[in-house]
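For reference, the structure discussed in these notes is given below.
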Amino acid sequence: MTLEVLSLGGGVQSTALLAMVLAGEHERPDFVVFADTGSERPQTIATVERAKLECEAMGIPFEIATPQRGPLHLAYMDKQRLPIVQSRLCTTEFKRTPIHHAIKRHLGVEPSEVLPPGSVVQWIGISTDERHRAKPSPLKWALSRFPLLDLDMSRDDCIEVLNRLEWAGVEKSGCFCCPFQSAKGWVDLRIREPELFEISKAMESLSIAAGKSGFLHNGTLERFDFNRTLEDWGLIVDEPLNQLGRPIPRCENPDGGCFT
């Protein structure tokens, strides 16, 4: 018997898929798993906690898997290192491995045990606008399935599903200290989660003090002037909201211009 597993990321796409499952609009998986790196944003954790409660109410097994090394940001601070764009260590050690161990625990086997080929089918929430990310599983015992691609659903379609099924507050998931964040992402973190922003700065400071190369943000978070805003140049940047209730920056300067 093949185990059907939904890998929940806590972001827009995978949560929309789970919301459809819970609403009876999609077939049910046998198991749902979320890998908590210990460095997730509070919004993501809130989404996952709701998902866990609703899955349990419907009798769908749900596990929040955690990495053996503890929270991602603390593991990096302990080594005086930073996550970097060129490395997939974060994904491998803090996401994939905990998920694989959780799946094997659910099947009642040890993490080191080799499963028969095709024992598991992992549902991954990739939408049509990121189709390039849909790749076969490197594991012989696990096959990858992309239900949103089967349904020809884009990210906007997922947002519509979340709105219709009343899943408010679901946002893009990711660690608060992720180096893939844009300047806007760091500004958002500083405004909404200042304590997490300070932890990110401390991570950079430890790495710099140890003589390691690389930063979480170009020019370092310490030096970036987050106090300057578009309003300082006479631009208005509020207040329309997107489908998820988040502000959409809007430039009303009559002279035009665009900041990205």
Restricting the range 11-32 to residues that are touching a Ser or Thr at 6+ places or on another chain (Cβ under 9 Å) and surrounded by fewer than 21 Cβ atoms within 10 Å (Cβ to Cβ), the one farthest from Arg50 (Cα to Cα) turns out to be Asp30
### Message
Condition first: part of a helix (DSSP H, G or I) and either free of Cβ contacts under 8 Å to residues at least 40 places away in the same chain or surrounded by fewer than 20 Cβ atoms within 10 Å (Cβ to Cβ) (or both). Can you find one or more residues in the range 59-69 that meet it?
### Response
no
Note on the range 179-216: residues over 24 Å from Gly125 (Cα atoms), small (Gly, Ala, Ser) and under 20 Å from the mean Cα position of the chain (by Cα) are Ala183, Ser200
Only one of Arg96, Arg81 is charged (D, E, K, R) and either farther than 26 Å from Cys158 by Cβ or in contact with a Gly (Cβ under 7 Å, 6 or more places away or on another chain) (or both), namely Arg81
Condition check: basic (Lys, Arg), modelled with pLDDT under 95, surrounded by fewer than 17 Cβ atoms within 10 Å (Cβ to Cβ) and under 30 Å from Met20 (Cα atoms). Does Arg228 satisfy that?
no
Counting only residues in the range 150-178 that are closer than 16 Å to Glu130 by Cβ and of a type in the set (A, V, I, L, M), the one farthest from the chain's Cα centre (by Cα) is identified as Leu151
If we keep only residues of the range 185-206 that are among the charged types (D, E, K, R) and more than 22 Å from Ala46 (Cα to Cα), then the residue surrounded by the fewest Cβ atoms within 10 Å (Cβ to Cβ) is Lys201
Original post:
Being surrounded by fewer than 16 Cβ atoms within 10 Å (Cβ to Cβ), polar (S, T, N, Q) and outside any helix (DSSP H, G or I), is that true of even one residue in the range 169-177?
Top reply: no
Given the conditions (1) part of a loop (DSSP other than H, G, I, E, B); (2) closer than 16 Å to Ala19 by Cα; (3) touching a Leu at 6+ places or on another chain (Cβ under 6 Å); (4) not β-branched (Val, Ile, Thr), every one holds for Trp123 apart from (1)
Yes or no: the range 142-160 includes at least one residue that is in contact with an Asp or Glu (Cβ under 6 Å, 6 or more places away or on another chain), over 20 Å from Phe34 (Cα atoms) and assigned to a loop (DSSP other than H, G, I, E, B).
yes
Checked the range 70-120 for anything of a type in the set (Val, Ile, Thr), in contact (Cβ under 8 Å) with a residue 40 or more places away in the chain and surrounded by 13 or more Cβ atoms within 10 Å (Cβ to Cβ); matches are Ile84, Ile99, Ile103, Val120
| request: Say whether the condition of being without any contact (Cβ under 8 Å) to a residue 12 or more places away in the chain, more than 16 Å from Gly169 (Cα to Cα), not aliphatic (A, V, I, L, M) and not in a strand (DSSP E or B) is met by at least one residue in the range 36-54. | output: no
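The values are calculated or read from the model by the stated rules, or taken from the named source; none is laboratory data. Just so it is clear, the structure is predicted and the values come from calculations on it, not from any experiment. Using ideal geometry, Cβ is built from the backbone for each residue, glycine included, and neighbour counts are taken over all protein chains shown.
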